[in-house]
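Here is the structure we will look at, set down as structure tokens.
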Amino acid sequence: MTKPSATGRPAVFLDRDGTLIREVGYLSRPEQVELLPGAIEGLQQLQQCGYALVIVSNQSGVARGYFPESAVHAVHHHLLDLLESRGIHITGMYYCPHHPEGSVKKYRKPCRCRKPEPGMVEQAVRDLALDLSRSVIIGDKASDIELGKRLNIKTVLVLTGYGKETLRKMTREHAKPDYVCHTLAEAAQWICSETDRD
Ligand SMILES: [Mg+2]
Ligand SMILES: [Zn+2]
């Protein structure tokens, strides 16, 4: 049975590069977007289980001067179209263009939104009236898992993108994800089965 909730619905916070789409290193063009195996299936299942799907992505390539924000928008527009065509509705899409050592002055700063800082998730919770306590985060980097730990929500590490490297480097027990898997489809199965148990 699902617990009654005074606030909104739970979300799955999804990293973009290396989790939803292939990690290519500072991806900047729509034609580079390639969904990872199991991504469509996984997102469809999470949606059916009642989760809002929210993408949270560090895009320091903007601060580093590799591409402008308009390139991020073009990539996101394409990605959303791809997903919509498969019946997947992304409830929110957030990115951080900053970096403390960026070369573009406008974006060079320590900010509250670059993961593992919680700014993007906090903004999403406010914008979309989400129930953070029942939410989950999925990503391929330590910063994704650390963000989940800070927020005290469930964390899933996918072994795509930098995932294998991330797992190798994780030594501290408290930094470890709640679940590790190979694809977003497996992540969704675990999350939905955990939801049933709550
Ligand atoms: Mg990633
Ligand atoms: Zn930022």
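Laboratory data are not the source of any read-out in this text; all were calculated from the coordinates shown. Quantities reported herein were computed from a predicted structural model and do not represent experimental measurements. Cβ sites come from the backbone with ideal geometry, for glycine too, and all protein chains shown count toward neighbours.
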State whether the residues of the range 18-27 include one that is over 26 Å from residue 182 (Cα atoms) and among the basic types (Lys, Arg).
no
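Please work out if residue 28 is touching a His at 6+ places or on another chain (Cβ under 8 Å), small (Gly, Ala, Ser), assigned to a loop (DSSP other than H, G, I, E, B) and within 23 Å of residue 144 (Cα to Cα). Working first, answer last.
Values: touching a His at 6+ places or on another chain (Cβ under 8 Å): no; small (Gly, Ala, Ser): yes; assigned to a loop (DSSP other than H, G, I, E, B): yes; within 23 Å of residue 144 (Cα to Cα): yes.
Spelling it out, it is not the case that residue 28 is touching a His at 6+ places or on another chain (Cβ under 8 Å), small (Gly, Ala, Ser), assigned to a loop (DSSP other than H, G, I, E, B) and within 23 Å of residue 144 (Cα to Cα).
Sort out which residues of the range 93-123 are more than 14 Å from ligand 2 (Cβ to nearest atom) and buried (at least 19 other Cβ atoms within 10 Å of the Cβ), and write them in order of number.
93
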Can you tell me how many residues in the range 93-116 are under 19 Å from the mean Cα position of the chain (by Cα) and in contact (Cβ under 8 Å) with a residue 24 or more places away in the chain?
10
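Would you be able to say whether some residue in the range 77-92 is among the hydrophobic types (A, V, I, L, M, F, W, C) and more than 19 Å from residue 13 (Cα to Cα)?
Our first condition is that a residue be among the hydrophobic types (A, V, I, L, M, F, W, C); within the range 77-92, this holds for 79-80, 82-83, 88, 90.
Within this subset, residues satisfying the condition of being more than 19 Å from residue 13 (Cα to Cα) are none.
Checked the range 77-92: no residue is among the hydrophobic types (A, V, I, L, M, F, W, C) and more than 19 Å from residue 13 (Cα to Cα).
Residue-by-condition table, conditions (1) surrounded by 18 or more Cβ atoms within 10 Å (Cβ to Cβ); (2) in contact with a strand residue (DSSP E or B) (Cβ under 6 Å, 6 or more places away or on another chain); (3) of a type in the set (A, V, I, L, M, F, W, C):
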| site | (1), (2), (3) |
| --- | --- |
| 126 | no, no, no |
| 130 | yes, yes, yes |
| 135 | yes, yes, no |
| 138 | yes, yes, yes |
| 141 | yes, no, no |
| 150 | no, no, no |
| 157 | yes, yes, yes |
| 162 | yes, no, no |
| 167 | no, no, yes |
Would you be able to tell me the number of residues in the range 52-84 that are farther than 20 Å from residue 184 by Cβ and of a type outside the set (S, T, N, Q)?
14
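Would you confirm, using the coordinates I've provided, whether residue 23 is among the acidic types (Asp, Glu) and farther than 22 Å from residue 147 by Cβ? Can you show your working first?
Details: among the acidic types (Asp, Glu): yes; farther than 22 Å from residue 147 by Cβ: no.
Taking the combined requirement at face value, the residue does not satisfy it.
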Return the residue satisfying two criteria in turn: it lies in the range 51-92 and is touching a residue at least 60 places away in the same chain (Cβ under 8 Å) and over 30 Å from residue 104 (Cβ atoms), and of such residues it is surrounded by the most Cβ atoms within 10 Å (Cβ to Cβ).
51
Taking into account only those residues within the range 11-28 that are at positive phi and either among the hydroxyl-bearing types (Ser, Thr, Tyr) or touching a Ser or Thr at 6+ places or on another chain (Cβ under 7 Å) (or both), which is farthest from ligand 1 (Cβ to nearest atom)?
26
